[in-house]
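J.: Here you go, one structure.
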Amino acid sequence: MINNKRWIVPPLITPEVDTALSAFPPILRQILFNRGYTTDAEARAYLNAKPDFNTDPFQMSGMKKSVDRIQTAIQKHEPIAIYGDYDVDGVTSTALLVETLQQLNANVRGYIPNRFEEGYGLNNNALDELKADGVQLVITVDCGIRSPSEALHAQTIGLDLIISDHHHPAEGDLPPHLP
């Protein structure tokens, strides 16, 4: 059997960063360096899960349009579905977003596909059912970026779709944007 895997070994920590992170054990210094943390302050913020609020979320593609659409849905009490995958990050993201939108008085529900009957990711039958149930806006979490045909189907049946996904799209194959 031929092993065609290629190992990518990160470089060793530089002496300057090793000194800057000297308060941490050697193996942790290397891990922090591998993740791009090169100062004591950056490392402590990362290890203490302190978010960096210096980044403007509206720099993300489509953010303003998405926020505006969600606000409109909340104001008009339109049915919203949060569509997540059945894995840990999908279920957790779905629960968090449903709970957050409920706190904002949104008419929202979660949707997790059955892994045995519907498979992974967005699927047209689920989108059709959501539309038939009166849902007007679907927000994906942990899926959708690799589903351009399903996103087009949502658009065709009159469902607004906001894709929130940490995965990478297929090369040159992005789902359509909200109109």
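J.: Taking the stated definitions as given, is Ala81 within 16 Å of Ile163 (Cβ to Cβ), of a type in the set (Gly, Ala, Ser), out of contact with any Cys (no Cβ under 8 Å at 6 or more places or on another chain) and surrounded by 13 or more Cβ atoms within 10 Å (Cβ to Cβ)? Break it down stepwise before answering.
T.: Values: within 16 Å of Ile163 (Cβ to Cβ): yes; of a type in the set (Gly, Ala, Ser): yes; out of contact with any Cys (no Cβ under 8 Å at 6 or more places or on another chain): yes; surrounded by 13 or more Cβ atoms within 10 Å (Cβ to Cβ): yes.
Yes.
J.: Now for a different question. Please give the strands (runs of 3 or more DSSP E) falling wholly within segment 35-147 in which 1 or more residues are closer than 26 Å to Glu171 by Cα. Steps first, please.
T.: Values: elements: 79-84, 107-111, 137-141.
By residue number, 79-84, 137-141.
J.: Can you tell me which residues in segment 82-137 are among the acidic types (Asp, Glu) and over 18 Å from Ile70 (Cα atoms)?
T.: Asp85, Asp87, Asp89, Glu117, Glu118, Asp128, Glu129, Asp133
J.: Go through (1) closer than 20 Å to Cys143 by Cβ; (2) modelled with pLDDT under 95 and name the single condition Ala45 misses.
T.: (1)
J.: Pick out the one residue from Gly134, Gly172 that is at pLDDT below 95 and at positive phi. Walk me through how you get there before you give the answer.
T.: On the way: Gly134 fails: at pLDDT below 95.
Checking each option against the conditions leaves just Gly172.
J.: Also, quick follow-up: Name the single residue that is surrounded by the fewest Cβ atoms within 10 Å (Cβ to Cβ) among those in segment 31-47 being small (Gly, Ala, Ser) and over 17 Å from Pro15 (Cα atoms). Spell out how you get there, then give the answer.
T.: From segment 31-47, those small (Gly, Ala, Ser) are 36, 41, 43, 45; that's our starting set.
With over 17 Å from Pro15 (Cα atoms) added as a condition, the list becomes 41, 45.
On the way: Ala41: 10, Ala45: 14.
That would be Ala41.
J.: Do we have Leu104 as under 17 Å from Ala73 (Cα atoms), more than 15 Å from the chain's Cα centre (by Cα) and surrounded by fewer than 19 Cβ atoms within 10 Å (Cβ to Cβ) here? Walk me through how you get there before you give the answer.
T.: Working: under 17 Å from Ala73 (Cα atoms): yes; more than 15 Å from the chain's Cα centre (by Cα): yes; surrounded by fewer than 19 Cβ atoms within 10 Å (Cβ to Cβ): yes.
The answer is yes for Leu104.
J.: Asn114 is checked against (1) touching a helix residue (DSSP H, G or I) at 6+ places or on another chain (Cβ under 9 Å); (2) over 26 Å from Gln75 (Cβ atoms); (3) assigned by TED's automatic domain parsing to the domain that holds Gly90 and fails just one. What number does that condition carry?
T.: (1)
J.: Please determine whether any residue of segment 47-57 is over 30 Å from Asp160 (Cβ atoms) and over 23 Å from the mean Cα position of the chain (by Cα). Before the answer, list the steps.
T.: Step one: filter segment 47-57 for residues over 30 Å from Asp160 (Cβ atoms), giving 47-50, 52, 54.
Filter again for over 23 Å from the mean Cα position of the chain (by Cα), leaving none.
Among the residues of segment 47-57, not one is over 30 Å from Asp160 (Cβ atoms) and over 23 Å from the mean Cα position of the chain (by Cα), which makes the answer no.
The values are calculated or read from the model by the stated rules, or taken from the named source; none is laboratory data. It should be emphasised that the depicted structure is a prediction, and the values quoted were computed from it without experimental measurement. Glycine gets a Cβ as well: all are built from the backbone with ideal geometry, and neighbour counts include every protein chain shown.
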